[in-house]
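The structure appears right after this line, and notes come after that.
The values are calculated or read from the model by the stated rules, or taken from the named source; none is laboratory data. Here the structure is a predicted model, which is why all the values come from computation and not from measurement. Quick reminder, even Gly has a Cβ in these numbers, built from the backbone with ideal geometry, and neighbours come from all protein chains shown. Protein only, heavy atoms only, side chains kept; ligands, DNA and RNA dropped before computing areas. Shrake-Rupley method; radii C 1.70, N 1.55, O 1.52, S 1.80 Å.
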Amino acid sequence: MPEYCDVALPVPLDMVFTYRVPAEATPVVGGRVLVPIRQQRMTGLVVEVHDRKPTVKTKTVLGVLDEAPVLDEQLMRLGRWIADYYLAPIGEVFRTMLPLNAEFKRAVVYRIAADGQMALHLAGMSGSSARSRRTPEEQAVEFRVLDYLAAQESASGETVQVREETLRSATGVSRIILSGMVRKKWITREDVSAVRDATRRIKVALLKSADGKLNDNQRTLIDVLAASGGRVPVATLQTLDIPRTTLATLIKRGLIEILEEPANFAVSRSKPRSSPFAFDFNSAQQAALHRLRDAVETKKFSGMLLHGVTGSGKTAVYLAGMRAVLEAGRSAILLVPEIGLTPAVAADLHQIFREEVAILHSALSDKERAQQWHRIRSGDARMVVGTRSAVFAPVADLALIIVDEEHDSSYKQEETPRYHARDVAVMRAKMANATVVLGSATPSLESYFNAKRNKYSLVELPDRVEQRPLPEVEIIDMRQEFQETGQDQVIARKLTAEIKERFERNEQVMVLLNRRGYSPLVLCRTCGKTLECQNCAIALTHHKRELKMICHYCGYMAAVPKSCVHCGSEYVYFLGTGSEKLEELLHGMFPQARIARLDRDTVRGHEDFERTLNALSEGRLDLLVGTQMIAKGHDIHAVTLVGVVGADSALGLPDFRAAEHTFQLLTQVAGRAGRGQSPGKVILQTYFQDHYAVQYAAHHDFAGFYEKELRFRSWMHYPPYSALANVLIRSDKLDEALQWSGTLGKWFEQNRHEGVRVLGPATAPIMRLKRDYRYHFVLKSPSRGKLNATLRAMLAYAATQKIPRTQVIVDVDALWLM
């Protein structure tokens, strides 16, 4: 039996840790173990078992959690590739790949030590009033902790361990102060984290007997149980208009028994749309499906870019391809960019594939994610739909991966590991000899560039299904609107008239404004200063309904100012319009209309999203206003008008992808109009009507936009003509951020990096974010290998200069340079 094992732990270190194998159980490669590290316990993934004796003293594995690997050899290879390509710590990569947090309960306990008892005793001898006079605030908190722990022991008469969350709630102590008390040996800290059962359970009432005398309430409850086959969830019974004591009485009498059993999981509460196979495929769809099936049947790697205009029936091709995979006894994964799209797509899949479907996304609870993951791993579900993390679904015999809306930036993770799910999907398909399909009406320049150079096969769907026309697009020049009306208009006269006309015809409308909140800026007319977040160099956004000013980056909140916080002036001016204000304006203009808003302020979970979209689909809403959440993938046939307000706001950002993102957003939201029998129309309000991104979007001309944007990219050596990485240096101390960025800047200057161009150091466009000051470098190279080698050398040098690894963020293939 091997004596040692190497374990990847979820810590920001580019290394694995060696532990001694316990005598009672042998870890397996790809399985999880519970190990001690410093003064805590962690779960990690075993990457190797061996007999090589380390040069340092090793600790022993505390427990082996899995008898069989939770990540097979193929997924282990994929994890190593991600760590290597994105320069991410291997342990953090494997943590991202395994959504099993629910199976591990982190717990830390404290108890008072002898030195703490002595400190409390000496302080008591000097009198509590004297103690409070001569100790600073932190020491006052320390004695509150000692008082609380001593009181717990006194009450029980024995040594008591108090959980950290209980102690902090009772005393208001911070973790920093607790750590200091541990160092002073006043208290002891013990990590008692352990594995737990992650099965979701619900309480169910079971009818045992209906005999005996019953009052009216008891009879009602018994009748409900009998009508439901004798089993009803307790939560359902509690919604009845009867006292809760009624159930308790029946339990005492033995007429009802309460059981706990595993909870069922609803894949989607969205109503399935009409079957995608309810109409005949046109010739382009048939050709695309034929090529997809042929590629899958070869059982060799194949990449395909499915470029189809909005409403061309791409989803029908996806589902037909997945059905063919399932009929062959194999597995498929469908990735969608937004959580909001997942329920609708999951409902479609569930309609076709029934219990073979599993769903994975971040809006699920930890227990729900673990439940779905185990269904996939056991083979109970071979069709998987989800957001970017679903690319790691542990399916067996993978045949097909589909990345819907492959251009979408939400496929890129903005925290470690900073992987791009589209590129990971391509690599996983390559390792599995599977087919990967990238689908979009507006492909990313990189994907279309690769398809044009035959790295992927290019399949076109140039027309909408059933010969439905693409929507007419009318551009409204808001500069001219101002000249003619003499005032700033949020909603142009033409858009107002078109909305009114649609309401008269009982048709539905969508209005997009890609900005949350009520007003994005608060300005003092006296001193000219704005109200900024305390943690970020960002203006706070006014949220009228919540009566708060909120930072959309860190979540900081402040009261709505009645006067300027800088100079005290009462002339505070709220500038600009967000989706909340737009909704209010529309309610005022159309008081009889049924209007709803869809943005991150109204959607707290996937149930909110499903509820609103179901209302729109069923005709219970007349108008939906929202941010980019309403722009993607929704298929509402009664929507015949789409209005776009502030369509060009992103064009002013210091981002080389600004034009591409604007073109994609305008094209996608325009595609929501006219998907049924009635033709659609788009009103596009802009201050930059001559910009090529706006013009090409208005003419549905992707090819024209691609050629023009590609010329600009080639001149500036931006992707797809080069690989790009953003290196961000951050610290909550400005002098540290300056020093570290200067140190790395000198290293870049003094060392030759052939084939790699380094821009910076420079202040990041958002200089301060979440309390950190930020400076960055942008690296470009036509060679990914040379770029990767330069980044590795830089990280190694940063380590020698004692720059913490967590403060140097390396973002390979960065999409966000702000």
- Message: Which one, A698, G652, V669, is farthest towards the positive end of the dipole of segment 647-710 when Lys and Arg carry +1 and Asp and Glu -1 on their Cβ?
- Response: V669
- Message: With no other cysteine's Cβ closer than 4.7 Å, which Cys residues of the chain count as lacking a disulfide-compatible partner?
- Response: C5, C554
- Note on the structure: Volume per residue (Å³) of the convex hull spanned by the alpha carbons of segment 299-378 is 123 Å³
- Message: Between D84 and C527, what is the label-point separation in nm under the 7 Å Cα-to-beta-carbon projection?
- Response: 5.6 nm
- Query: Can you give the charge dipole size of segment 676-818 about its Cα centre, rounded to the nearest 20 debye, using +1 on the beta carbon of Lys and Arg and -1 on the beta carbon of Asp and Glu?
  - Reply: 400 debye
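With N residues in segment 494-534, what two-decimal value do you get for its Cα radius of gyration over 2.2 N^0.38 Å? Can you show the working numbers first?
Values: Rg = 17.9 Å, N = 41, 2.2 N^0.38 = 9.0 Å.
For segment 494-534, the normalised Cα radius of gyration comes out at 1.98.
Per residue, what accessible area does the chain have, given a 1.4 Å probe and all protein chains present, in Å²?
Working: 37580 Å² over 818 residues.
Here the residues of the chain average 46 Å² of exposed surface.
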- Item | For segment 1-150, average projected area of the Cα convex hull in nm² | 13.0 nm²
- Item | Net lengthening on full extension, V490/Q739 (0.36 nm per residue, minus Cα-Cα) | 85.1 nm
- Query: R453 label point, 7 Å along Cα→Cβ, cut-off 20 Å on backbone N: hits in segment 803-818?
  - Reply: 812-815
- Query: Rounded, prolate or oblate: which fits segment 373-424 when a ≥ b ≥ c are the square roots of the eigenvalues of the alpha-carbon gyration tensor, with rounded for a/c under 1.5 and prolate only if a/b beats b/c?
  - Reply: prolate
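Compute the Rg/Rh shape ratio of segment 615-685: radius of gyration over Kirkwood radius, all on alpha-carbon atoms.
Reported Rg/Rh, Kirkwood definition of Rh: 1.01.
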- Note on the structure: In the chain, taking the dipole from +1 charges on Lys and Arg beta carbons and -1 charges on Asp and Glu beta carbons about the Cα centre, the listed residue (I476, L364, A789) farthest towards the positive end is A789
- Message: Using the Cα centre of the chain as the reference point, and only Cβ charges (+1 on K/R, -1 on D/E), how large is the resulting charge dipole? Debye, rounded to the nearest 20.
- Response: 1700 debye
- Label model pair S169, R805: point-to-point distance (7 angstrom along the Cα→beta-carbon line) in nm is 3.5 nm
- Query: With +1 on each Lys and Arg Cβ and -1 on each Asp and Glu Cβ, how big is the dipole of segment 577-708 about its Cα centre, in debye rounded to the nearest 20?
  - Reply: 220 debye
- Query: Tell me, in nm to one decimal, what length is gained between A762 and D72 on full extension, where the rule is 0.36 nm per residue of separation less the Cα-Cα distance?
  - Reply: 244.1 nm
- Residues of type lysines that K770 reaches as a straight line, Cα spacing below 18 Å, ignoring anything fewer than 8 places off in the same chain: K733
- Per principal axis, largest first, the Cα atoms of segment 653-759 extend in Å by 63, 33, 25
- Query: Which of V426, G439, H407 sits farthest toward the positive end of the charge dipole of segment 385-442, with +1 on the Cβ of Lys and Arg and -1 on the Cβ of Asp and Glu?
  - Reply: V426
- Item | Gyration tensor (alpha-carbon) shape descriptor, segment 138-197, a/c threshold 1.5 | oblate
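At a 1.4 Å probe radius, carbon and sulfur cover how many percent of the accessible area of the chain?
49 percent
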- Relative contact order in percent for segment 403-481 (Cα pairs under 8 Å, 6+ apart) equals 28 percent
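Can you give me the relative contact order of the chain as a percent, contacts being Cα pairs under 8 Å and 6 or more apart?
Details: 1544 pairs, mean separation 79.5, N = 818.
Relative contact order for the chain comes out at 10 percent.
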- Message: So if each residue of separation counts as 0.36 nm, and I subtract the Cα-Cα distance between Y797 and N506, what length gain in nm does that give?
- Response: 98.2 nm
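Here is the link list: K367/K544; K412/K786; K300/K455; K412/K681; K455/K632. Which ones come out longer than 25 Å on Cα distance? Before the final figure, lay out each step's value.
Details: K367/K544 35 Å; K412/K786 22 Å; K300/K455 15 Å; K412/K681 32 Å; K455/K632 27 Å.
Checking Cα-Cα distances, K367/K544; K412/K681; K455/K632 exceed 25 Å.
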- Message: When 1/r is averaged over all different Cα pairs and the result inverted, which Kirkwood radius in Å belongs to segment 532-653?
- Response: 16.7 Å
- Would you please classify the overall shape of the chain from the alpha carbon gyration tensor, given that a ≥ b ≥ c denote the square roots of the eigenvalues, rounded means a/c under 1.5, and beyond that prolate means a/b larger than b/c while oblate covers the rest? rounded
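Among 609-616, 400-407, how do they line up by average Cβ neighbours within 10 Å per residue, starting with the highest? Walk me through the intermediate numbers first.
Working: 609-616: 19.6, 400-407: 26.4.
Per-residue mean Cβ counts within 10 Å order the peptides as 400-407, 609-616.
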- Based on DSSP H runs of at least 4 residues, each adding -39500 (n - 2.57), what is the mean residue ellipticity at 222 nm of the chain after dividing by all its residues, to the nearest 500 deg cm²/dmol? -11000 deg cm²/dmol
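If R₀ is 41 angstrom, what is the calculated FRET efficiency for the pair D216 and V29, using the beta carbon separation as r and rounding to 0.05? Can you show the working numbers first?
Details: r = 64 Å, r/R0 = 1.56.
The pair D216/V29 has a calculated efficiency of 0.05.
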